[in-house]
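For reference, the structure discussed in these notes is given below.
Derivation of every value follows stated rules applied to the coordinates shown; laboratory data play no part. All of these numbers come straight from a predicted model, not from anything done at the bench. Cβ sites come from the backbone with ideal geometry, for glycine too, and all protein chains shown count toward neighbours.
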Amino acid sequence: MSELKINNIYKGDSLEILKTFPSKCVDLIFADPPYNMQLKNDLYRPNNTKVDGVNDEWDKFSSFKEYDNFCKSWLKECKRVLKDTGSIWVIGSYHNIYRVGNIMLNLGYWILNDVTWYKTNPMPNFLGTRFTNATETLLWCSKGENYKKYTFNHKLMKKYNGGKQMPSVWNIGLCIGSERIKGKDGKKAHSTQKPEELLKRVILSTTNKDDIVLDPFFGTGTTGAVAKKLGRNFIGIEQEQKYIDISKKRIDSINYLLPEASWIEEEKEHQIKVPFIDLIKDKFILAGDILYTRKRYNKKAKVLDNGNLLYENNITGSIHKIGSLVQQTVSCNGWKFWYVIKNNKSILLDDLRMQYLKTHCNK
């Protein structure tokens, strides 16, 4: 292929199209491949209505060997077209994800996380012969153990999660209601359409603005739609024209960006190390001053002239060590944990540290 077309859907077999792409050309891959569900009989509800399950031809394979060879082929090409700084997400259910994961490891991929999608509204097990299947697994991988410079927007996702670190269990409902794309007959257009919230977390966490996201099993275009809403580029591969038509109509109708499209991962702080005792020597804080925690802990400690804190009358240690003790954690950044009262205002130690640095930088 002479030129890679971004924001475009390629029609054809995923493997054959992937082979035409140049090496190291995409920043992220999201793959929602056939699951090889191995369904042999129709499933009915207790009221004898038929369950609209996954019985599409594209999900049928003659044997596990055929399915394994299929996965090995497209995953090998995906690794070739992925940039060294990129990563790949592959989603699956218990039917296939363990086979896929084994193949990925054998191809040299390095698993960074297995994310569990917990479906808040799963389809029940109508026969009552098994637990309700309420989860799917996403494997997030880099190209290999030594590929360390992949994108991960840790602070951005913490912001997205209300100030708490994003966990690896995502509670997201199935794609229903107005989000579910339906055909003229009123039935769902695609049997395995994924919710946009799922793709939003994938793309927001592991790409930057204007990055290229590849989806080799494009379906009804959820990856492309979310990528566009987040200010990213996409490339889709899909072999069925009916899905391509749906995707194009869906993506072309998007004329806005989500608020998160403007979010940028904050750079890591490069702090100049300042011993706490230096603030005492320069009288930014005084021996005998009392430090306080947030209301959540409601603890206090006394500043000693040697730079340590006195806690509960008989425990001494650094601002970091005593902070860890209060929180009962392995480590603590004492600068961002303790407060001191000055002029009837609560001041974070880190703010005092910044004042100290400004004073000394101006000398």
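Observations
- Extending 7 Å from Cα along the Cβ direction at S331 and again at N161 yields two label points whose distance is 1.8 nm.
- In this simple spin-label model, placing a label point 7 Å from the Cα along the Cα-to-Cβ direction at both E16 and D245 gives a separation of 2.2 nm.
- Pairs exceeding a 29 Å alpha-carbon distance, out of K76/K194; K155/K187; K148/K249; K149/K200; K164/K358; K19/K184: K155/K187; K148/K249; K164/K358; K19/K184.
- Once the Cα-Cα distance is subtracted from the 0.36 nm per residue extended length, the S93 to F64 segment shows a gain of 8.9 nm.
- Once the Cβ-Cβ distance of I176 and F152 is raised to the sixth power relative to R0 = 30 Å, the FRET efficiency obtained is 0.50.
- Spacing of the modelled spin labels on R80 and D282, each 7 Å from Cα toward Cβ, amounts to 5.9 nm.
- Against the chain, whose longest principal axis is taken from its Cα atoms, helix 64-81 shows a tilt of about 50°.
- P(r) tail, region 276-361: Cα-Cα pairs separated by more than 21 Å, 22% of all pairs.
- Against the chain, whose longest principal axis is taken from its Cα atoms, helix 196-206 shows a tilt of about 50°.
- Rounded, prolate or oblate (a/c below 1.5 giving rounded, otherwise prolate when a/b exceeds b/c) for region 8-262 by Cα gyration tensor: rounded
- Angle between the chain longest axis and helix 97-106 axis [Cα atoms, degrees, rounded to 10]: 70 degrees
- Computed from the C-beta positions of D289 and Q355, the FRET efficiency with R₀ = 25 Å rounds to 0.95.
- Part-to-part distance (alpha-carbon centres) for region 72-109 and region 304-363, which is given in Å: 46 Å
- What the Cβ-Cβ distance of L127 and E3 gives, at R0 = 51 Å and to the nearest 0.05, is a FRET efficiency of 0.45.
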